[in-house]
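A.B. asks: Structure incoming, see below.
Every number in this text was worked out from the coordinates using simple rules, so none of it is lab data. These numbers come from a predicted model, not from an experiment. Note: ideal-geometry Cβ built from the backbone for every residue, glycine included; neighbour counts use all protein chains shown.
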Amino acid sequence: MSTTAKVGVLALQGDFREHCAALRRLGASASEVRTQAQLDGADALIIPGGESTSMAKLMDAYGLRAPLQAFARGGKPVWGTCAGLILMASRLEEDRPQPLGLMNLAVRRNGFGRQADSFEAGLSVCGVPGGPVRAVFIRAPLITETGPGVETLASLESGEPVAARQGTLLASAFHPELTGDSRMHRLFLDMIPSGGAS
Ligand code: GLN
């Protein structure tokens with residue numbers, strides 16, 4: 001029997017509540033993270049979608065930048081969705097925000113252009129069984145480069161990578177917490193050594 005891991009969700013801004021709800025639907029333990037002590041108590045972390053500049057400002061104001069980097073570099077799984085992906089990148093095309101530099105990704109914010117600010121796509125995601133995942137993109141970031149060690153897990157039909165993994169780090173340009181389909185959350189839970197859910 002596997003133990004239940006504690007999954008933290010960075011709760012400074014954005015749709016952290018929806019991620020907590022998706023995790024709990026799977027029987028996982030989810031808790032909101034706003035302090036270093038709460039982060040230290042987590043086995044894995046989700047950085048949600050929202051507004052990456054606001055989230056970065058709050059992260060710095062709360063003194064969480066270095067602890068988040070240490071958490072990820074120590075090998076604890078981290079998953080960034082949308083704005084969370086932006087924060088996990090090593091390089092942004094824009095000057096702001098300053099990302100955490102966790103994954104070998106170059107990213108352009110709002111990279112799908114104005115006409116396509118929001119759209120949906122059916123995605124086949126490597127490691128996710130059961131047919132296409134309905135993916136919701138909201139002013140989504142575009143991954144412009146993937147560096148060494150990064151495996152693309154899903155791409156749009158037009159070829160842009162939209163989900164990627166680098167060891168214990170996962171990133172998606174879309175919002176799996178908004179669709180009621182928990183398979184991306186299952187994929188993340190399966191990356192936690194102590195087991196995501198019983
Ligand atoms: N466009 C937002 C940003 O640059 C991200 C949008 C989202 O998380 N849905 O931060």
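A.B. asks: Find, among the trypsin sites (Lys or Arg not before Pro) in region 72-133, those assigned to loop by DSSP (not H, G, I, E, B) with at most 10 other beta-carbon atoms within 10 angstrom.
C.D. replies: Loop-located and lightly packed - Arg114.
A.B. asks: If you plug each phi of region 159-166 into the Karplus form 6.51 cos²θ - 1.76 cosθ + 1.60 with θ = phi - 60°, what whole-Hz ³J(HN,Hα) values come out, in order, with x for Gly and Pro?
C.D. replies: x, 6, x, 10, 8, 8, 9, 9
A.B. asks: Quick one: which residues, 5 or more positions from Gly101 or on another chain, have an amide H under 5 Å from its amide H? H modelled 1.01 Å from N in the peptide plane, none for Pro or chain starts.
C.D. replies: Amide H neighbours of Gly101: Ala89.
A.B. asks: Ok, one more. For the chain, modelled as a GNM with alpha-carbon contacts under 10 angstrom, which of Ala72, Ala140, Ala61 fluctuates the most?
C.D. replies: Highest fluctuation among the options: Ala61.
A.B. asks: Which value at 222 nm does the chain reach when only helices count, each DSSP H run of 4 or more adding -39,500 (n - 2.57), with the total divided by all residues and rounded to the nearest 500 deg cm²/dmol?
C.D. replies: -6500 deg cm²/dmol
A.B. asks: Let me ask something additional. Taking every DSSP beta bridge that has both residues in the chain, what percent is antiparallel when rounded to the nearest 5?
C.D. replies: Once the DSSP bridges in the chain are tallied, antiparallel ones form about 50 percent.
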